[in-house]
Amino acid sequence: MNASTLPLGSRASTADAAPAAPDTARVHSICWGAVLAGAAGAASLALILLMLGVGLGLSSVSPWSSEGVSAETFGVASILWLTFMQLAASGLGGYLAGRLRQRWSRVHADEVYFRDTAHGFLAWSVAALASAGLMTGAASAILSGGAKVGAMVSGTVAPAAAVVASAGGINPDYFVDTLFRRPLAGAGTGAAPSPSTPDTPPTAEVTRIFASAAGAPALPVDDAQYLAQLVAQRTSLSPQEAQTRVTDTFARLQAQMAAAREQAKASADKARRASAKVALWGFISLLIGAFVASYLGTLGGRHRDQF
């Protein structure tokens, strides 16, 4: 007897007895749509908070020394803001990833808990990688632009500026000018300079001599004697006085250059310590963000199963 010959009630009971195929048979362990949605939400919120933090930071900094917040306060506020940004963005991304995933039927509670945690962590990972890529691209653009500007500036700067830069920010032209200062009228007892003496001293040559001996404790003997002759010819000083002026001027230049080098070393060490501190706190904030995203992923999945 086939189904067409059965009574109506019998056919209905047969249809009711047939097992229905579960609608969750093809649900995967990872819902990538929910993960990507959570990552997009986290990255967007992080971008908004970053722009807000930059605006607040720039408004609190002043180029005047008596106004604005101090460098220490600005650094602490930046670290706290980055941590808050990670907490808010990672929490949103993890919750969205857990709440938007599909329902898993016939799965143990521990497995559901693990999957929800994984969804939150994956959302944080994708958002972190996307943010890192965007920041790297922005940093590359800034660096390339700065390199172009630096090339343009370096092509137009006079050679004397290169000497100043190599001297640690000290201008050697000032010290060269002091070599050829003539005593004021009535201020000295020496003879007046010869009228045949050139009025323009060879400052460029003397600057090169000073720059070549910048790392030495004293001028070479032949250079010192040559400079003393130049000074004696263009001033009213005696050869001994000219020699003393050359030695003293070079010593003052060396002292200022040494102070500038020490200041540069201190600034570099301060920048190194600041960079290390920023990297350490960045690691801590990212670690906190991963934990918060994983936890809120489980919370979002729990709310998904309840409703």
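The values are calculated or read from the model by the stated rules, or taken from the named source; none is laboratory data. Just so we're clear, the structure is a prediction, and the values are computed from it rather than from any experiment. Virtual Cβ from ideal backbone geometry, glycine too; neighbours counted across all protein chains shown.
The residue of the stretch 236-292 that is nearest to the chain's Cα centre (by Cα), among those that are closer than 20 Å to ILE209 by Cα and of a type in the set (Ser, Thr, Tyr), is THR249. Assess whether LEU287 counts as being part of a helix (DSSP H, G or I), exposed (fewer than 14 other Cβ atoms within 10 Å of the Cβ) and either assigned by TED's automatic domain parsing to the domain that holds GLU111 or touching an Asp or Glu at 6+ places or on another chain (Cβ under 6 Å) (or both). So LEU287 fits the description; yes. Just one residue in the set GLN263, GLN233 is assigned by TED's automatic domain parsing to the domain that holds VAL176 and under 30 Å from SER78 (Cα atoms); that residue is GLN263. When ARG101, ARG115 are screened for being part of a helix (DSSP H, G or I), on the phi < 0 side of the Ramachandran plot, modelled with pLDDT of 85 or more and touching a Gly at 6+ places or on another chain (Cβ under 9 Å), only ARG115 passes. Scanning the stretch 213-271 for residues that are assigned to a loop (DSSP other than H, G, I, E, B) and surrounded by 12 or more Cβ atoms within 10 Å (Cβ to Cβ) turns up ALA213, ALA214, ALA218, LEU219, PRO220, THR235, SER236, LEU237, SER238.
Take LEU179 and decide whether it is modelled with pLDDT of 80 or more and under 15 Å from ARG252 (Cβ atoms). It is false that LEU179 is modelled with pLDDT of 80 or more and under 15 Å from ARG252 (Cβ atoms). Taking the criterion of being among the polar types (S, T, N, Q) and at pLDDT below 75, the residues of the stretch 50-77 that qualify are SER59, SER60, SER62, SER65, SER66, SER70.
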